[in-house]
Structures are given as structure tokens and as C-alpha cells.
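Presented below is the structure to which this report refers.
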Amino acid sequence: MRIVFVTEQLGEGGSEREITAFASAFAEMGQEVHIVRSKNLKKDYELDQRVRLHYIPYIPLPSRIKNARLKALSRWLNVVPQIRRLHADIFVPVNLAPPYYPCLRIATFFSRTKIIYAVRNNLEKKYVNKKDSKKWRRAACLADGIWIQTKEQRMFFHQILQKKIFEVPNILDAHFLDIPERERKTICRFISVGRIHPQKNQKLLIEAFGKMVQRTGNTSATLTIYGRVLENFRQTEEELRELIWKIGLTDRVFLAGRANDIEKRYSEADAFVFSSDYEGCPNALMEAMAAGLPCISTDCPTGPSSVVTSGEDGLLVPVGDAEAMARAMQYLIEHPQEANRLGGAAKRRMQEWGSAQEHAERLLENLCKICERRKL
């Protein structure tokens, strides 16, 4: 089967990492796999050499042309012919803007090619604007199948679309399971991993850490936040640095940027904290659990509750509640044996998650079923 993933880029995010993981797994299984990119040629993640890459840039009209229909027409004229030449059995667009779906639908007119709508985030939080919300709902209606990561994501779709839905969670990189479990006598090195972005709400995390320090008088705990800063969010980074300075924790809270040796950072840490306001299927949380770290996470809509059972293999706190997060960090510090128990249970949970091949086979099975419908 010829499977074509379509995305803007292959770097800077968890969704892009999942594309490379599934594409590589499909290639190992003997499938013909293509990835079409529309933005840049940078590749952050290792990709099987048998996967074929294509670059179809979005060519914008001159800035003086404001008409939305003309802009859409220019996109279609550029993308549709090149997409059509791939003769895909199935297109899997990931993280594409909703207007691209009509392009794909047009490109597949008079063909047997199927289109998947891949849900990689909380759609109701990501598309708050009513106009944007209508666009993604329309895009889902145009698709032949809807790929969700967690059961909670079913709630985004009308009852008539439920029959299109299938669930396949993210692939966990097995390297994180190789990090040896260790006994921690004290809990003092907290880390968080995620790009600097309002969605990740690192502001809440810093405030919670400050509250914990103020309440307990702790002098040894540190918080290190690893994550890339995209150009659009330099202001967010500055606001975080100002907050750290304001609460007097410049020697205890660190914005460390992207870590190329993140496995080592997990192995050196004592606990992991995740503060997102909303998520899809959170890779960073899964990786920390696989590394055997006791984890604290906001119980944000879709995501954390699908991988963490609070009190058994991690701790979930209400979204936006800095006080609850501060109490959870204090609890781990004051109960290192319980922290070790949670870390061990988290690792076992991820050991049962399933391999890349198992998840790829599950996805391929669903894609084949959707392709088979054209023969009926």
C-alpha cells in the first residue's frame, strides 16, 4: 500500500516525531511510504532511509492581494497537481491547517485515494475561534477516517462521524525504557520538558515551585525547564524569565532550552512536572514515565489521564491550580519512598504500552480497512 503523510515540517514538535516513527515502522514492514512537507527541509528526527521525502512549498500571493478566495486558489493550483502525481492509496495529513483538506479532496477526485483526519491535540482548545472551529469540523467531514490518540477525543465529533473514528496512541521511543530505574533518597531535582508556549503553561509551573519553596523553606530543590523557543514565542520566554527574577529564584529555576541528550537529563532528575492547559497524547510525560520518574501532571482535557492513574503511577492536579501543584511537589519531597514507588509503577505502565511495531500494525490495519471500503 502507498501511504503518504502530509505535514508542514519534520521538526520542532511531538506530532512530527510521531510521523517519523510511524513512517519508519511502515517502511520496515515493507509498505511504500512518502512524506510531503510544505514548509522547510529541516529534519529533527531519525527517519528510515526507505521513506521518500517530497517538498511542495506553499507559494503565497503578493501581500497586496487580500482576497481569501484568491489565496485559496493559489494554494490549490500549487498543491493539487503535485499531490495528484503521488497516486497515493491513502493520505494521512498531520497538523495541517484545515484549508488544506479541500486541496487534498480535490486532488483525489475521480480516484480511489482515501484521506485521514489525524487528531493530534485538543481541538476545542486549539480552535477556540468559532470560524476556525467550523473549519476543522468541515475538514473532519471531508475525511474518510478519523484517527484519534485517546478515547476522550471522541467527544469532539458529532454522532454521525463516530463510525469513522479509530484509536491508535503515540509510539513510545524504546530508548527511554532502557534508562535504569534507581532509588532516590531525596527528591530535589525537578524537570519539565516541552516547548516554550502558552499551551504548556510554564508560568503556572514556576509559580507553583515558588509557592512550594516559600511554604516549606526548602533550600535544595531546583526546577529545570527544557524546551525549544520558537521565534513567535520569544516574548513568552521573556515573561517567564521576568517571573523567575520577580519571585527571587534565578539560582533555582532554569530555562535550559532544547536538550539534545534528553535521556541523560531524565536519568539525572528526581521528578517530572507537566503543566499543560491542554494536550493530545503527551510524549514528554510518557518519556518521563518510561524513564522511571515520579510524575506530576495537570489533569488537562485529553492526554494525561490516558497515561496516568493518579495515586498509582503518578499524580494528577487540576488545570491552572498552582496551589495543588505546589502541594504535589511538596508531597514528593517529603515522601521519597512514595516517589520511588510512583516512579517504578510509571515505568511498568510504559513497559506495557506496546512497541512501535504493535502500534504501527494497529494503524496499518485501520488504514487497510478504510481502503477496502472503496471496493464495496
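Going through R241, R234 one at a time, which residue ends up being at pLDDT 95 or above and either closer than 22 Å to I19 by Cα or among the charged types (D, E, K, R) (or both)? Reasoning before the result, please.
Values: R234 fails: at pLDDT 95 or above.
The conditions single out R241.
Among residues of segment 247-280 being outside any strand (DSSP E or B), out of contact with any helix residue (DSSP H, G or I) (no Cβ under 7 Å at 6 or more places or on another chain) and among the hydrophobic types (A, V, I, L, M, F, W, C), the one that is modelled with the highest pLDDT is A269. Filter segment 285-314 down to the residues that are farther than 17 Å from A328 by Cβ and of a type outside the set (V, I, T) and list them by number. Across segment 285-314, the qualifying residues are M286, E287, A290, A291, G292, P301, G303, S306. The set of residues in segment 206-238 that are assigned to a helix (DSSP H, G or I), touching a helix residue (DSSP H, G or I) at 6+ places or on another chain (Cβ under 6 Å) and surrounded by 21 or more Cβ atoms within 10 Å (Cβ to Cβ) comprises I206, A208, M212. Within segment 184-212, the set of residues being hydroxyl-bearing (S, T, Y) and under 18 Å from H335 (Cα atoms) comprises T186 only.
Take the residues in segment 1-26 that are among the β-branched types (V, I, T) and outside any helix (DSSP H, G or I), then tell me which one is nearest to G257 (Cα to Cα).
Within segment 1-26, the match that is nearest to G257 (Cα to Cα) is T7.
Out of all the residues in segment 138-175, which are touching a residue at least 60 places away in the same chain (Cβ under 8 Å) and either in a loop (DSSP other than H, G, I, E, B) or basic (K, R) (or both)? The answer is D144, Q149, T150, K151, V168, P169, N170, I171, L172, D173. If only residues of segment 290-325 that are in a helix (DSSP H, G or I) and touching a strand residue (DSSP E or B) at 6+ places or on another chain (Cβ under 6 Å) are counted, the one that is surrounded by the fewest Cβ atoms within 10 Å (Cβ to Cβ) is A324. Looking only at residues in segment 83-101 that are at pLDDT below 80 and surrounded by fewer than 17 Cβ atoms within 10 Å (Cβ to Cβ), the one that is farthest from Q31 (Cα to Cα) is P99. When segment 331-376 is limited to residues that are in a helix (DSSP H, G or I), among the polar types (S, T, N, Q) and touching a residue at least 24 places away in the same chain (Cβ under 8 Å), the one that is farthest from A271 (Cα to Cα) turns out to be N366.
The values are calculated or read from the model by the stated rules, or taken from the named source; none is laboratory data. No experiment lies behind these values; they were computed from the predicted model shown. Note that we place each Cβ from the backbone using ideal geometry, even for glycine, and neighbour counts take in every protein chain shown.
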